[in-house]
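Some notes on the structure that comes next.
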Amino acid sequence: MADQYDVVVVGAGNGGLVSAATCAKAGLSVLLLEKHNLPGGCATSFRRGRFEFETSLHELCDVGPESDPGNVRLLMDRLGAQIQWLEVPDAFRVIVPGPEGYDATMPVGRKNFIDKMESYVPGSRESMEGFFQLADDTRRALDYISASSGKADPEVLKRDYANFLKTGAYSMNKVIRALKMPKKAQDILLTYWGYVGADGDTISFALYSRMLDLYLERSPYIAKDRSHELSLALEQRVRAFGGDIWYNTEVTRILTENGKVSGVEAGGRTIASKHVIANVIPHIVYAKMMDERVIPTAEIKKANAREFGSRGLVIYLGLNKSAEELGIKDYTVFLTDHADSVKNQRTMRTIETNNMQVTNCLNIVNPDASPEGTSIVYITSLYTADAWRDVSVENYFKTKNQVMRHFIDIYEKGTGIKISDCIEEAEIATPVTFARYLGVPQGTIYGYIASEWDGLLPRLQTLYTENTVPGLRFCGGHSVRLLGYGSTYQSGELTANLTLKDIKEGA
């Protein structure tokens, strides 16, 4: 337990674990500090009675099979993290009630997806093929920009990635409308917007098309032993590479000297380091952990201009009947009031109007996820504003129970499957829970909204400006790669490699 390290990583969430492992593997002395007693942040699990619940992971994109590994599988392989991957059989089922609604189950595989969409929306094939062509162009361009570390040659972009330049700065809705895609096909295509909490007018085409394409081409995956398996595997690699990890140790200050990072204060000790990687949202770092005089004004303005991403709510249900007995056949079911994502997004601002949910049954992918004759169902919803702010302490538990009953009722009416009479264990995590556990403003679980001006492309192009104070870099869902499990793992590696470059260049 030294008092000086080459790199200090603050926070053992997804990005922090990968950053620490990557830096340690490169031979640096690394200290990973975590205020809780477990690694992973939301990438963990917990027990109630005889059930072990997955905290937050629905599914991972960009894993891929061993025969066609995606970036996440390759990253884990590079670090030597052994994961038992399970493939999710379909993309999603989406149910929208009412005369203009639909019940659509979409498969994985691009061709399968297009064929299925044509069966639901005759005449959609041409626009869907156009969408995936643009998604291809986007993928190739983003790979080039990532490889250039934010220093892409404008002439190369104009010559080789013209379609990307036409679409990269626009929202999903602007692009798919320009493709003259039928409205129903647009709505089904945008179903995954519920995973990111930004509607079709807000989320960038580059981010969404890339995510959807990865889900379809390489299938979604989960870890057999829940996301806690991922966190423990990475934690073990940090230690195997010689890194130190201190749990129950909260970083209270990031120290600077002559305008540069000089270390941290944590657990009553001062640890010297010229390089700090923060798996902490910049709002917290700037407001509570640093001397504001050393933070560039432009960084303060950028943080203030950003909007917090969606606030999380998860209902965990342990049922004393199997999925087969209940008639549950789908792993992922989206249920929404409105087909249109923009209308849905407006309803998600308050507790009273929010009816949007994603429901998963873990046993569909992992039959051994719970004891024989039982099943695990969890319902996730998001709020697009600080909806729980005015819930009083006295009414908090009453409100939680009302919200839980409300979302269970939506699931039962939407699917025709009765689950309320076989609930053995029930727990609910609200935005208040996430704010307390993760230490994030308003319970945001997605960092910042990936808007047009602040989406994947602008962040990649301004990669080096994320280095706010010399020696400080950020990783995690609020960082360059944006939200999602896969993105946060990759952000951890990217940030570590940039830090290695800083050290090599004496920055």
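Key figures for this structure:
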read-out: Packing-based ranking, highest mean first, of 258-264, 32-38, 94-100 given that Cβ atoms within 10 Å are counted; value: 32-38, 258-264, 94-100
read-out: Amide N of region 351-374 lying under 19 Å from the label point, which is placed 7 angstrom from the Cα of Glu325 along Cα→Cβ; value: 361-374
read-out: Derived scalar couplings ³J(HN,Hα) [region 316-324; Karplus, 6.51 cos²θ - 1.76 cosθ + 1.60; whole Hz; x for Gly, Pro]; value: 9, 10, x, 9, 8, 10, 6, 4, 5
read-out: Cα lying deepest toward the dipole's positive end in region 1-153, options Gly15, His36, Ile95, charges on Cβ; value: His36
read-out: Point-to-point label distance, Asn497-Trp453, nm (Cα→Cβ direction, 7 Å offset); value: 3.0
read-out: Extreme residue, positive dipole direction of region 274-427, given options Val391, Ile277, Val342 (C-beta unit charges); value: Ile277
read-out: Rounded tilt (10° steps) of 485-504 against the dominant C-alpha axis of the chain; value: 20
read-out: From the C-alpha gyration tensor of region 1-160, square roots of 5λ in Å; value: 37, 27, 14
read-out: Amide H within-cut-off set for Arg48, under 5 Å, with H built and near neighbours excluded; value: Phe53
read-out: Bins of 10 Å, starting at 0 and running to the largest distance - Cα pair percent for region 310-438; value: 12, 43, 32, 12, 0
read-out: Backbone N within region 375-402 under 13 Å of label point (7 Å from Arg349 Cα along the Cβ vector); value: 384-387
read-out: Calculated FRET value between Gln84 and Ala240, using beta carbons and R₀ = 25 Å, to 0.05; value: 0.85
read-out: q = 0.06, 0.09, 0.11 Å⁻¹, the chain: log10 I(q)/I(0) [Debye, one scatterer per Cα]; value: -0.27, -0.62, -0.94
read-out: Note, ³J(HN,Hα) from phi for region 211-220, Karplus 6.51, -1.76, 1.60, rounded to Hz, x at Gly and Pro; value: 4, 4, 4, 5, 4, 6, 7, 10, 6, x
read-out: Antiparallel DSSP beta bridges within the chain, as percent of all bridges there, nearest 5; value: 75
read-out: Stretchable slack from Arg177 to Lys158, in nm (0.36 nm times residue separation minus alpha-carbon distance); value: 4.5 nm
read-out: Inter-part distance where region 60-96 and region 113-191 are each reduced to a Cα centre, Å; value: 22
read-out: Lys, Arg +1 and Asp, Glu -1 on Cβ, resulting dipole of region 401-507 about Cα centre, debye, nearest 20; value: 280
read-out: Per-bin percent of Cα-Cα distances, region 112-211 [5 Å]; value: 2, 13, 23, 22, 19, 11, 6, 3, 1
read-out: Residue-by-residue Karplus 3J(HN,Hα) for region 163-178, coefficients 6.51, -1.76, 1.60, Hz, glycine and proline x; value: 4, 5, 5, 6, 10, x, 9, 9, 6, 4, 4, 4, 6, 6, 5, 5
read-out: Neighbour-limited loop hits for trypsin sites (Lys or Arg not before Pro), region 161-256 (at most 16 other Cβ within 10 Å; DSSP other than H, G, I, E, B); value: Lys180, Lys224
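Read-outs throughout are calculated quantities, based only on the coordinates presented, and are distinct from any laboratory measurement. Because the structure is predicted, anything quoted here is derived from the model rather than measured. All Cβ positions, even for glycine, are placed from backbone atoms using ideal geometry, and neighbour counts span all protein chains on display.
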